[in-house]
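Data first, discussion second: the structure below is written as structure tokens.
The values are calculated or read from the model by the stated rules, or taken from the named source; none is laboratory data. It should be emphasised that the depicted structure is a prediction, and the values quoted were computed from it without experimental measurement. Virtual Cβ from ideal backbone geometry, glycine too; neighbours counted across all protein chains shown. In case anyone asks, the SASA skips ligands and DNA or RNA and just uses the protein heavy atoms, side chains included. Shrake-Rupley method; radii C 1.70, N 1.55, O 1.52, S 1.80 Å.
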Amino acid sequence: MQRVRLHAAGNFGMSATPSADRLVALAREMAPDLRARAKETEELRRIGGDTARAFSDAGFFRVLQPSRHGGFEMDYGTHTRLAAEIGRACASSAWVLSVIASHSWLLGMFPAEAQDEVWAEDRGALIATSFLAIDAKAEPAQGGLVLSGRWKFSSGVDLCRWAILMAPLASGESAFAAIPLAGARVEDTWFSAGLAGTGSNDIVVGGLFVPAHRVLGISKLKGGPTPGSAANPGYLYRMPVFASFPFTLIGPALGAARGALEAVADGLAGRSSAAQVRLAEQQSV
């Protein structure tokens, strides 16, 4: 599968973090272009390079990224607000934006060594995830574990250089493992009627060693200090992950619903019934 490579280093020299309201306004300004590309996005089955670069240049992917690594470290939910605007024009683009933006928040809870490994050379590096493992194994090894299996529904993975995969451990617990996608294979499996443009493909891993600093047990993510909060003291990196993560999916749904309502309303403008009654003025409509 063709991948879009984003190099956002030029944006990291900004002297001040934009306000959330300013980013939402930028998202609103993008709507006409995104609406024009929506059909193409669905046909591509992933967001295209123009959309990905627009999001990257605006800083949308960095809203929850730790400031220590050039992110905006904004309030949780900023990505939801952005997706609610973007979704009015293209639900698939909104989904990918919101989901990928949330992954830098998750990585911010990993040990500092893992964060440095991902972002030291490229602060614009994006991260995919998959929480649905198929026949996955995480076998203990000296200094870490060896990961194998298939992970499904990794939205926007073609934009990313890294992935965080949830895997079962021998202890019975589950853990997140951060891996470079260069050590895995992405299979083009996403053929869907809805959200067709999200590129939610499979990640296949075969015997990849993952060092201990890139493994994070989910029991450490129930709220309170995390391995990453020592380096990133803001409240974001002490939030309970599974209680908070659903907000990532609310923005695209709200945006899509608003966009559908606006499309119907626009379509009714100026139309009349056979009885020459304006449809927009009929109580039933």
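Within segment 114-148, the residues that satisfy the criterion of being surrounded by 18 or more Cβ atoms within 10 Å (Cβ to Cβ), over 20 Å from THR226 (Cα atoms) and of a type in the set (A, V, I, L, M) are ALA125, LEU126, ALA128, ALA133, ALA136, ALA138, LEU145, LEU147.
Looking at segment 185-194 only, could you name the residues that are within 11 Å of VAL205 (Cβ to Cβ) and either in a loop (DSSP other than H, G, I, E, B) or basic (Lys, Arg) (or both)? Hit for segment 185-194 is ARG185, nothing else. Can you tell me which residue among ALA260, ALA243 is of a type in the set (Gly, Ala, Ser), open to solvent by 60 Å² or more (accessible area, probe 1.4 Å), closer than 30 Å to ALA128 by Cβ and not in a loop (DSSP other than H, G, I, E, B)? Among ALA260, ALA243, only ALA243 is of a type in the set (Gly, Ala, Ser), open to solvent by 60 Å² or more (accessible area, probe 1.4 Å), closer than 30 Å to ALA128 by Cβ and not in a loop (DSSP other than H, G, I, E, B).
Consider LEU216 carefully, then state whether it is in a strand (DSSP E or B), buried (at least 24 other Cβ atoms within 10 Å of the Cβ) and over 22 Å from the mean Cα position of the chain (by Cα).
On the way: in a strand (DSSP E or B): yes; buried (at least 24 other Cβ atoms within 10 Å of the Cβ): yes; over 22 Å from the mean Cα position of the chain (by Cα): no.
Spelling it out, it is not the case that LEU216 is in a strand (DSSP E or B), buried (at least 24 other Cβ atoms within 10 Å of the Cβ) and over 22 Å from the mean Cα position of the chain (by Cα).
Looking at ALA170, ALA175, ALA182, just one residue is under 13 Å from VAL210 (Cβ atoms) and either of a type in the set (Gly, Ala, Ser) or assigned to a helix (DSSP H, G or I) (or both), and that residue is ALA175. With respect to being in contact (Cβ under 8 Å) with a residue 40 or more places away in the chain, open to solvent by 20 Å² or more (accessible area, probe 1.4 Å) and assigned to a strand (DSSP E or B), VAL210 falls outside the description. Take ILE86 and tell me if it is of a type in the set (Val, Ile, Thr), at pLDDT 95 or above and either open to solvent by 20 Å² or more (accessible area, probe 1.4 Å) or under 21 Å from VAL186 (Cα atoms) (or both). Answer is no for this residue. Within segment 263-285, the residues that satisfy the criterion of being open to solvent by 80 Å² or more (accessible area, probe 1.4 Å) and either modelled with pLDDT under 75 or outside any helix (DSSP H, G or I) (or both) are ARG271, ALA274, GLN276, ARG278, GLN283, SER284, VAL285.
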